[in-house]
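Working notes for the structure below.
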Amino acid sequence: TSGKKIAFSNNYAGNSWRQAMLDSYGIVTKKAVDDKVVAAADVFTTADKEVPTQAAQVQNLILQGYDAIVINAASPDALNGAIKQACDAGIVVVSFDGIVTEPCAYRVVVDFKDMGKQEVEQMAKFQPKGGNLLEIRGLAGTSIDDAIHAGILEGVAAHPEFKIVGSVTGDWDQTTAQKAVATILPSLPDVVGIVDQGGDGYGAAQAFAAANKPRPTIIMGNRQDELKWWKEQKEKDGYKTWSASIAPGVSTLAFWVAQQVLDGRKDIPHDLLVPYLAFTQDDFEAALPKIKEGGVATHEYTQEEAIAAIKANIK
Amino acid sequence: MALMKSLVAKPWIWSFVGALLVWLATIAFTGGYGGGGMVTAALSLAVFTVIVGVGQMFVITLGPGNVDLSLPANIGLASAVAMKVMGGSDSMIVVGLLAALACGAAIGIVNYLLIWALRIPPIIATLSASFIIQSVDISYGRGLQIKPPPGFADFANWQISGVPVLAMLTVLFTVGAAVALQRMIYGRSVLAIGQNIRAAWLAGVNVGRIRFLTYTLSGALGGIDGALLAGYFRGANVDIGNEYLLASIAVVVIGGTSVAGGKANVPGVWGAALFLVLLLTMLNTFGVSAGVRLLLTGLIIVGVITAAGGEKAVR
Amino acid sequence: MTAATLDNSLKASSARGSAARARLLRGLLPALSLALVLLAIAWLNPRAISYFGFSLMLNLAIPIALATIAQMFVISGNELDLSIGTFVGFVGCVTATWLKDAPLVGVAILLGSIGIYALLGALIHLRNLPSIVVTLGMSFVWQGLAILVLPKPGGKAPDWLLAIMSFKPPFVPFPIIAALLIGLIVHFGLMRTSYGVILRGSGGNPAALRRAGWSLLKTKIVLFALAGLFGVISGMALIGITTSADANIGNGYTLLAIAGVILGGGEFVGGRVSPIGAVIGALTLALAASPLLTFMHIPPDWQVAANGAILIIVLAARVLISRRER
Amino acid sequence: MPAGNVDIIRLNGAEKHFGAVRALDGVDFHVGPGECVGLVGHNGAGKSTLMHMVAGTLTPDSGKIGVHGGIEDNYSVSRAQQLGIRCVFQELSLCPNLSVAENTRINHASLTGFGWRRKAAELIAAKLDEIFPGHSISASDIVGDLSIGRRQMVEVARAFTVTQDRLDLVILDEPTSSLDAHTAGQLLAFVRRFVADGKSCILISHVLGEVLNNADRIVVMRDGKVVVADAANAFDRDRLVMAMGGAEARQKIAAQAAAAKPGASPLRVRARPATQKDGTDLVARAGEIIGLAGLAGHGQTDLLLAIFGAASRAKAGIEVTAPVALVAGDRQSDGIFPQWSIAENIGIRSLARLRNGLLISPQREAELAEFWQKKIGIRTPDMNNNIFSLSGGNQQKTLFARALGSDAQIVLMDDPMRGVDIGTKLEVYDLVREEASRGRTFLWYTTETEELDNCDHIYVFKNGRIVANLKRDELTDEKIIQSSFGDAA
Ligand SMILES: Nc1ncnc2c1ncn2[C@@H]1O[C@H](COP(=O)(O)OP(=O)(O)OP(=O)(O)O)[C@@H](O)[C@H]1O
Ligand SMILES: Nc1ncnc2c1ncn2[C@@H]1O[C@H](COP(=O)(O)OP(=O)(O)OP(=O)(O)O)[C@@H](O)[C@H]1O
Ligand SMILES: [Mg+2]
Ligand SMILES: [Mg+2]
């Protein structure tokens, strides 16, 4: 595939997760280009999480003559028109994180619903007596928010000792989450735990501290500041929790999938399931030093690891 | 009775009435539980909207078409600059604040240069500038969380018997802004320009200098706001100012400032900022879904402005 | 004396002739910006200048152009609509759900939403409200409704809509034909018809209109209803291209539409707008924001900045030409 | 239907209050067919308010309106239109963003359908040709591009165009305030022809000669009441002035009063119009009153604006040695701050002097306003009222107060007497001379030849250039008209 060109269509670069994603992608693809595995691996980022802008971007990538497009999509369905046009032009499309539903594209999927369910399962270990939960949701109207939320509901149904007494919208953004929690806190009955979607645990912790409310068990999202706070709490009083998120390095897996398809492999399924990255009470401290200040825990795939991951998905 | 009458005639009274009603509705729902905490939270959060709102108010008062859309990006960059300069050390707090101020003011100056030298309409000039600032911020801060020094974070969260100190300082600042608006040459000149820029020039107002000062002031306030937000939310990030694009404009216009220019209102900015936070509090407390929350937010804003009614036209 | 008067009037008319020339030049500026962007694209990627290239680059500009026209109607009555983006998103959600599954209900909802726009115009006029606050509130309302209609992305555009939007006429790409049609139809309606004069006059000098016995309530209702109508068409066109919907799909259109009107030579007050300019402004924005940027190969950190820089350069180039004005 | 001598319009006991102000206090007024009624009165006497009643744009608080002999209970603009009544308002009512033809369409609901643009263009062009031969306005001109004088011409012509509705009465509220003597003459000649055809007209003007020479009957208003109404030939100028409020008639006192001027007082302004090719400069020294004459729109205002600009930023060909203030003539676009009170409108040019420390002192601002209210007679119960509560002439006085109350040593006046009543004008003339004798310099563009009597020196403009430079003792109407129309001197 040394003559092939792969483009990466991204719709946002403003938070730490996306930065980590771009970093990982940059590291892996630079090496791939240097090793002449592919001819080019260019990154295209739009400003604003806008669907139409990204759709236009995909169309322009078609015009640019790329052989494959790796995409983190702003919407699973609304980009389908553009994705179909790309497929029709003979371009391989691999989506991850924000996946697309157009059947001609490949999807590197994380089981977000299971992640939501796991959050409640884990919570049950730390708060065996059960109690009130606060849910922090992501960006309204998106599929990831919907999937994690569905998982959490499923988990709560399986654990009737828990009750969700409040739900706020945090937009996967620490500031928004902290603000939303701060506004609901005064009227909230005591809560034992917070289930969330990643990136908002630290903000929630700050809001509880600012309101002088007792600290609940907060499920974390693999951000460095979250794990650091966890470590501080653990050292203080043995605080226990759990942390999970999709690894930003999944972008590199998507890259390798595109490369493998271009290489002529026909047996790759269009839906590839990869595990989310989770940390427990026992292993998070080991991971912490490896995450850079303000970053997110990640894992970058080598070509071999990617081939192994693909193989695991072939039944 | 006369007092009542003169109060009702004030354009800013309606935003306070709206805030009060929303608060009453919330504590009616909780049976009085958490009413004080809500006010504390509302004051803490409203501060940040008020500070940028005042800057935006002066800009909007310059007349139709004048608006500063670069505030969110400005806040994001200034928050990173402040945190990097402070470098986690309490001794650098003042230097960091000054750096944020300078950064914001510089952005304001660039905005005005685009408007004046290149004759770009302010709405497009500040929007374009905001794209560039966003890139600078991503490249400078790498979109990562940078933590404030503990002393600064504590200061931003400091309360005296439930009243945030930052809110008290902001009240002093807004009193100053109101005096500057009505009783200083600067404010009078802004009002004159907003009503009729040509007549203002012919009446001897130094139009260029006043517009320059106004955009610089708005930028500088954005910068300070960025630093304070990073202190309060314990970390700078690119997205920290996002909500202030709409919020800064909303508090200005809901607060009774005329978008046609030439008529401004400082107390209204406070009323509107409290109204918006308490509205969020109410809807979060009611526990409605995101869709219903947005729907009700919109209907209540339209309802309040309809009840308040517009001004009577002169001749 | 007659000769003197004649000479006198000739001189005066030449002075006004220069005002008219300046006006004409200003009218051409939007087209110039567009030409500039197209030249840059042709230079960076000659392949884009083709039937296929224009179809791809411009088809997403059509909904933007329609939303810009909607905004232009509101601006020509001295108001501003901050809700057009979320309204387009709402229409998109309805199009991909009701309009496909239960066409009659869908049509009723869309007509009803145009009616709400008309009512807003009436409310703004009767209570003398600042439109910017009312429409800010409405932007939340439309987004909330969009999320309620379509809690997670999906739905599907009706087939007839897909067929229209993927129409491939001979020789000239569909988006170019559509843009021309939109520009010319609205130009005729607003700039040439006798009631169009009244609509623009309501922005130019409302008091004069009232003194001549016209109803400002009616002009405001008509302007807002037209904005609603074009918002609906914009949302449907958008879904016809993307094939399925997302509650957040239109959010970016509010600023784009305002910027498009201004780039097209419109002004915020005084009823000075240009439909053809607005369409050209929208196309310019769409091309500058995406194709041009994609073809330039900027490092990822600076791609957003390049977006801003392109806007600044496009507008600054206009200034070099119109330097002597004002 | 209209029997020979039934009144076209008749108001009985019309009253109108604006808050505490009694703008009309029981006015009886009528206009018969084929007559031109002159309406005069001091600024704020209620003339425009009365005309708004006739035109249907305002309804009286009490009183009756009858048209063509029938009582109108629901009188409105469109009803007035149907009944053949049109009004040219004091504050111009054109849409600046529309063309001349499109503005014509606004007044004619019936101008619709295929070809309406051509019809409208022909209609207004024909009327302009009829009233103002040689006007040089094209139906496709955008109104915003026209000078204020031409806008006034368009508006007047538009009122006389006829499509479907009948036309019996045209109200002209100070139609000549922005016209030069030549075009004003054309208009008045047309009005006489119009009336001779059996139509009617109401003519409001502060130039008493216009009213005396053209009206058949003159109605004088004072403080919201009609004080005298009589045949025009029963009045002369003195009687008219007396009836309006008693400012004693004075003539050409000006010429004598300010005779002796120090020959070589310091230079204040030296300016050359941008298009001037010979070496002619406009020169103004301390204590001088310099007149700028010529037909309207021939570069006088441009030069004033250039001088004004040069005071803050150096400009080639213009030398200005002292602070400058300007009295705008086009008050709506160049002068007034519509959101502000009268006092704030006066104070804006003097903010630096009104300060107490850093802050503007409300007390000093009020004092300044009070002082000028008395000195120049601004008619209002409270200087804190909005500026738009003033009648047109009183708004203009406010602009005078703004400039004269400032520290400016050079005052530029851009045809500043538009809409100012005769009594006030005489007072302002005195004021200007008094200030000049204290060393202030005035540059005074005017379209009224009479006012040039007050000037020490007159520059006549044509096509953006100075074509004549007259001393006061050389000044005659003929000379000015000759220079204005003749080939470049
Ligand atoms: N809204 C208002 N508030 C207070 N006073 C007002 C208001 N409107 C008018 N007046 C006063 O009513 C009086 C009558 O003014 P009006 O404009 O009728 O005079 P006029 O005779 O028409 O003068 P002109 O010839 O300049 O039109 C003035 O003294 C004016 O100050
Ligand atoms: N809309 C208004 N609101 C308040 N007062 C008004 C209004 N219109 C007119 N007035 C007042 O009514 C009075 C009559 O005004 P009007 O305009 O009729 O005077 P005028 O005789 O036309 O004066 P001028 O010669 O200066 O034009 C004035 O005192 C004026 O201030
Ligand atoms: Mg009047
Ligand atoms: Mg008047």
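Data for the structure
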item: Breaking point among (1) closer than 27 Å to B:Pro164 by Cα; (2) not in a helix (DSSP H, G or I), for A:Asp282; result: (1)
item: Those residues of the range A:114-152 which are within 12 Å of chain C (Cβ to nearest Cβ) and under 22 Å from A:Gly249 (Cα atoms), in sequence order; result: A:Gly138, A:Leu139, A:Thr142, A:Ser143, A:Ile144, A:Asp145, A:Ala147, A:Ile148
item: Matching residues in the range D:187-207 - criterion: being more than 16 Å from ligand 3 (Cβ to nearest atom) and of a type outside the set (D, E, K, R); result: D:Leu187, D:Leu188, D:Ala189, D:Phe190, D:Val191, D:Phe194, D:Val195, D:Ala196, D:Gly198, D:Ser200, D:Cys201
item: Failed condition for D:Glu370, given (1) surrounded by fewer than 24 Cβ atoms within 10 Å (Cβ to Cβ); (2) of a type outside the set (A, V, I, L, M, F, W, C); (3) away from ligand 1 (no atom under 16 Å from the Cβ); result: (3)
item: Looking only at the range B:244-271, and only at residues there that are polar (S, T, N, Q) and part of a loop (DSSP other than H, G, I, E, B), the one that is nearest to the other protein chains (Cβ to nearest Cβ); result: B:Ser258
item: Cross-chain or 6+ apart pairs with Cβ under 7 Å, the range A:46-57 first and more than 7 Å from chain C (Cβ to nearest Cβ), then among the β-branched types (Val, Ile, Thr); result: A:Thr46/A:Thr53; A:Gln54/A:Thr46
item: Those residues of the range A:81-109 which are surrounded by 24 or more Cβ atoms within 10 Å (Cβ to Cβ) and over 24 Å from A:Asp263 (Cβ atoms), in sequence order; result: A:Gly81, A:Ala82
item: Filter result for D:Ala139 (away from chain C (no Cβ under 11 Å), crowded, with 23+ Cβ neighbours inside 10 Å and more than 18 Å from D:Arg418 (Cβ to Cβ)); result: no
item: Residue in the range A:148-166 that is touching a Ser or Thr at 6+ places or on another chain (Cβ under 7 Å), within 19 Å of B:Leu280 (Cβ to Cβ) and either crowded, with 21+ Cβ neighbours inside 10 Å or without any contact (Cβ under 8 Å) to a residue 12 or more places away in the chain (or both) present; result: no
item: Count of the range D:43-58 residues which are more than 6 Å from ligand 1 (Cβ to nearest atom) and more than 12 Å from chain C (Cβ to nearest Cβ); result: 3
item: Only listed residue being more than 17 Å from B:Val94 (Cα to Cα), within 10 Å of another protein chain (Cβ to nearest Cβ) and either charged (D, E, K, R) or assigned to a helix (DSSP H, G or I) (or both), chosen from B:Ala180, B:Ala230, B:Ala167, B:Ala156; result: B:Ala180
item: Where a residue in the range B:200-211 is more than 7 Å from chain D (Cβ to nearest Cβ) and its partner, wherever it lies, is assigned to a loop (DSSP other than H, G, I, E, B) and aliphatic (A, V, I, L, M), with Cβ under 7 Å and at least six apart; result: B:Arg211/B:Leu62
item: Any chance D:Gly34 is within 27 Å of the chain's Cα centre (by Cα), in contact (Cβ under 8 Å) with a residue 12 or more places away in the chain, on the phi > 0 side of the Ramachandran plot and within 14 Å of ligand 3 (Cβ to nearest atom); result: no
item: Criterion (within 18 Å of the chain's Cα centre (by Cα) and on the phi < 0 side of the Ramachandran plot) met by exactly one of C:Thr242, C:Thr254, C:Thr294; result: C:Thr254
item: Of all residues in the range D:390-422 being out of contact with any Pro (no Cβ under 9 Å at 6 or more places or on another chain) and within 11 Å of chain B (Cβ to nearest Cβ), the one that is farthest from ligand 4 (Cβ to nearest atom); result: D:Leu412
item: Which listed residue, of D:Ser177, D:Ser110, D:Ser147, D:Ser136, is at pLDDT below 90, among the polar types (S, T, N, Q) and at positive phi; result: D:Ser136
item: Qualifying position, being β-branched (Val, Ile, Thr), within 22 Å of D:Gly309 (Cβ to Cβ), in contact with a Ser or Thr (Cβ under 8 Å, 6 or more places away or on another chain) and at pLDDT 80 or above, among D:Val411, D:Val460; result: D:Val411
item: Selection count where residues are within 16 Å of ligand 3 (Cβ to nearest atom) and either touching a residue at least 40 places away in the same chain (Cβ under 8 Å) or among the polar types (S, T, N, Q) (or both), scope the range D:42-70; result: 15
item: Residue satisfying condition, being outside any loop (DSSP other than H, G, I, E, B) and without any contact (Cβ under 8 Å) to a residue 12 or more places away in the chain, within set A:Glu232, A:Glu226; result: A:Glu232
item: Strands (runs of 3 or more DSSP E) (entirely within the range D:1-116) containing at least 2 residues that are more than 16 Å from ligand 2 (Cβ to nearest atom); result: D:9-18, D:21-31, D:62-67, D:85-88
item: Helices (runs of 4 or more DSSP H) contained in the range C:97-171 and holding at least 2 residues among the hydroxyl-bearing types (Ser, Thr, Tyr) and on the phi < 0 side of the Ramachandran plot; result: C:103-126, C:131-149
item: Candidates D:Val27, D:Val67 - the one that is β-branched (Val, Ile, Thr) and within 15 Å of ligand 4 (Cβ to nearest atom); result: D:Val27
item: Every residue from the range A:1-32 that is of a type in the set (Val, Ile, Thr), closer than 19 Å to A:Leu61 by Cα and either within 14 Å of chain B (Cβ to nearest Cβ) or part of a helix (DSSP H, G or I) (or both); result: A:Thr29
item: Hits in the range D:339-364 (condition: buried (at least 20 other Cβ atoms within 10 Å of the Cβ) and either in a helix (DSSP H, G or I) or near ligand 2 (Cβ under 10 Å from one of its atoms) (or both)); result: D:Ile342, D:Ala343, D:Glu344, D:Asn345, D:Ile346, D:Gly347, D:Ile348, D:Arg349, D:Ser350, D:Leu351, D:Leu354
item: Members of the range C:158-201 found to be among the polar types (S, T, N, Q) and within 23 Å of C:Val269 (Cβ to Cβ), listed by number; result: C:Thr193
item: The range C:297-311, subset within 22 Å of the chain's Cα centre (by Cα) and in contact (Cβ under 8 Å) with a residue 12 or more places away in the chain, residue farthest from D:Gly144 (Cα to Cα); result: C:Asn307
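Let's see how each residue does on (1) within 16 Å of ligand 2 (Cβ to nearest atom); (2) within 14 Å of chain B (Cβ to nearest Cβ); (3) surrounded by fewer than 22 Cβ atoms within 10 Å (Cβ to Cβ):
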| position | (1), (2), (3) |
| --- | --- |
| D:Gln300 | no, no, no |
| D:Leu303 | no, no, no |
| D:Val324 | no, yes, no |
| D:Asp330 | yes, yes, yes |
| D:Ile378 | yes, no, no |
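The values are calculated or read from the model by the stated rules, or taken from the named source; none is laboratory data. Just so it is clear, the model here is predicted, and its values are computed rather than measured. Cβ: placed from backbone, ideal geometry, glycine included. Neighbour counts: every protein chain shown.
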